[in-house]
1. Test B:T382 against the stated conditions and say whether it is among the hydroxyl-bearing types (S, T, Y) and within 13 Å of another protein chain (Cβ to nearest Cβ).
2. Restricting the first residue to the range B:151-170 and requiring it to be touching a residue at least 12 places away in the same chain (Cβ under 8 Å), which pairs with a second residue that is surrounded by fewer than 17 Cβ atoms within 10 Å (Cβ to Cβ) meet a Cβ separation below 6 Å and a spacing of at least six or different chains?
3. Do any helices (runs of 4 or more DSSP H) entirely within the range B:323-431 hold 3 or more residues that are touching a residue at least 24 places away in the same chain (Cβ under 8 Å) and of a type in the set (V, I, T), and if so, which?
4. Residues A:V213, A:V181: which one is in contact (Cβ under 8 Å) with a residue 24 or more places away in the chain, surrounded by fewer than 20 Cβ atoms within 10 Å (Cβ to Cβ), in contact with a Ser or Thr (Cβ under 7 Å, 6 or more places away or on another chain) and β-branched (V, I, T)?
5. Mind counting the residues in the range B:141-178 that are under 18 Å from the mean Cα position of the chain (by Cα) and either surrounded by fewer than 16 Cβ atoms within 10 Å (Cβ to Cβ) or within 14 Å of another protein chain (Cβ to nearest Cβ) (or both)?
6. Please enumerate the residues belonging to the range B:347-373 that are farther than 26 Å from B:V158 by Cβ and buried (at least 19 other Cβ atoms within 10 Å of the Cβ).
7. Please specify each residue of the range B:34-88 satisfying the condition of being among the hydroxyl-bearing types (S, T, Y) and either surrounded by fewer than 20 Cβ atoms within 10 Å (Cβ to Cβ) or within 14 Å of another protein chain (Cβ to nearest Cβ) (or both).
8. Among the numbered criteria (1) buried (at least 22 other Cβ atoms within 10 Å of the Cβ); (2) not in a loop (DSSP other than H, G, I, E, B), which one does B:D232 miss?
Amino acid sequence: MRALSSEAAAGYGFIAPAAVLIVGLIGFPFGLALWFSVTETWVGRPGPFVGLANFVRLAGNGTFQLTLVNSLLYTIGAVALKAVLGFILALLLLRITRFEKLIRGAILLPFVIPTALSTLAWWWMFEPTYSVLNWTGRALGLLTSDVPWLSDPTLARSAIIVVNVWRGLPFFAITILAGLVAIPQEYYEAAETDGAGAWQRFRNVTLPLVKPVLGIVVLFSTILTMADFNIVYLMTRGGPMNSTHLFSTLAHQSGMTSGRLSEGAAISLFLFPLLVLIVIVQLRLVRRQTAYE
Amino acid sequence: MNRRQFLVGSAGLAGILTTRQPPAFAQTREIRLVKSSHFVPASDAELKRQGDEWGKQNRAIFQIDAVPTGQLNTKKAAIVTAQAGADLAMLWIGDQDLYFDHLVDVPDIVEEVGKKLGPWHHPEDFKIRGAWKAVPWYATVWPMTYRTDLLESVGEKVPDTWEDLYRAGKKLKAAGHPIGIALAASDDANFATRGLMWSYGTSYVGKDGKTVAINNPRTVEAVEFMKRFYKDCMEQEVLSWDDSNNNRCINAGKCAFIFNPTSAYEAAKKQAIKVRGSDKLIHEVMDHALPPRGPVERATSANYGMLGIWKFSKNVDAVKDFLRYHYEAPQQEKFIETSQGYNVPFLEKPTHHPIWSSNPKYKFVRDIMKYTHPPSYPGPSTAASQVVLALHVIPEMFARAATDRMSTKDAIDWAEKEITEIHAGRKRVTG
């Protein structure tokens, strides 16, 4: 075996701390969660190996099925809205030339404020007794009775999607904006010379060239949105009647607050193959880039 | 260092080495209690004061690690997994079974305290698998809190039964003052709906704590009652309530009745909240009453707080000593007093504390423990019962039927399936 050159050794030395951190803080808990999910483990009481029984049982459990539906609705709804609105916002930002930096900075605020704080503020807006939305609605004569924002399953689902979109929109807008700025002006000029209208320029120049950036943003956002915890935990705690539970909040309730670690692990790992699939599909789509030589 | 000093020093070191005892000055022990932060902060401050006082006499440092109530279970789970982090813990009654192997048996302390301040109320409720795994600490009791003026305005007396409450509630809701019983993922909801079931003579589990007993005609009656009650006496907002919404509802002048500990009244008094649109202080027109009676009995549940010593603590004897000190009459009295009567002990003598007997609005406290059962009633407080509680299965069942998202039968079937599955899971691990 050839000895490592000193440079290579130094290289490994430099990545060692990061590798240790990744193995210790991500690899180990992940492995432990995998193990828990195939056993019946309670807090303080390791249990027997049960194979895939936890997953099979979850698949037939009403609350879990509802959580699956909730998670898909939440993720698809929120990511789609963020992508469309984020694109529009980015196109608008591109046109702004005055106070450009100030406005771009200000737009990032919802993304920068700690989620726990901003979500609490939203909660106060939707909360039944002192909802400022209901109060305003009544004061303007638009409402005759209070809207049960968080007590009606459909409204509660919509409310958490609104908060997620509000928080995630800046990330989409700013990243897409970066993609837009990078498109060389000559393409537009060439398209115009060829007689392309605004829609055609958008359709054939802007969209294909922003696609890789958009793909990455959607990929990240899908993963983060599906794994979201704070918004639901602070606004609805999964209610009313479990209609807003996501994988993470249900896993927390089952695994952490009631001590059934294996159940919690199985719920959170149910997501894993799905996320891997999303990542593979997304990365393939992104790689199929359009290039104008 | 001269020769003499060296000799003295080395003799000392030799002494330590032979006896394996560090010198007395280094023997300061640290006792750490993990608990939920108290709704009345003065109570935690008093507990810390007692710990410091006891520590001074016993060369110990007493630390309190107070976490938000919702995070206490997670914290305990982490401590037990690490086998480190605390000596003493505030347990919920079901934790005794969940952490059975990790808790020190404490029958000696329970007996001593019982002799001094007892007898204990319903001592049979606390033992698990025949053992005393923790010392009962205090309950947070669940009476009805109501507005006397609103009740009078609809020509009703304090309701004695659920049907009385329904009759009054229907009139009150029509007058814009609904009743507020949470049917959501919260403690309030868990306890109120259990009380309703028991008062109808049904429960989700049998006396053995294993047989799932929810699917019976009496549960159907209780659920049918709640369907009526929800539609005619309550508003949809109860489906999303957490444990503070009902306090706000009554203090904002909206709700006429809530099922809650005395915190709404205390908050109203402290903040001198006025009845909306008048100069009347709202706490003066608020009172408490025992929970309503059903066709079979009068019953309610509560948060059962216990104190348990971890086996992995290095200071078990010192912790026991602290517990003995904390359960002496003067300390218990101060503890109750600083909590503004929120901490209701499971012991007879402290229940006669003047903080309750001097205020007519607290006269229910003397009696409420007679009707208060642990959430697992009539079964023992098993780990499975704690899961049924944490997943809010019972209030969920009522909510699904009350909102017509499910038929009464389907809602009960759903709950039965969930509860059966939870018990089966626990059985797989305990055999």
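1. Spelling it out, B:T382 is indeed among the hydroxyl-bearing types (S, T, Y) and within 13 Å of another protein chain (Cβ to nearest Cβ).
2. B:K170/B:D232
3. Hits in the range B:323-431: B:408-430.
4. A:V213
5. Final tally of qualifying residues: 0.
6. B:L347, B:P350
7. Across the range B:34-88, the qualifying residues are B:S36, B:S37, B:T69, B:T74, B:T81.
8. Every listed condition holds for B:D232 apart from (1).
The values are calculated or read from the model by the stated rules, or taken from the named source; none is laboratory data. This structure is a prediction, so every number in the text was calculated from the model and none was measured. Because the Cβ atoms are built from the backbone with ideal geometry, glycine has one as well, and the counts that use them run over all protein chains shown.
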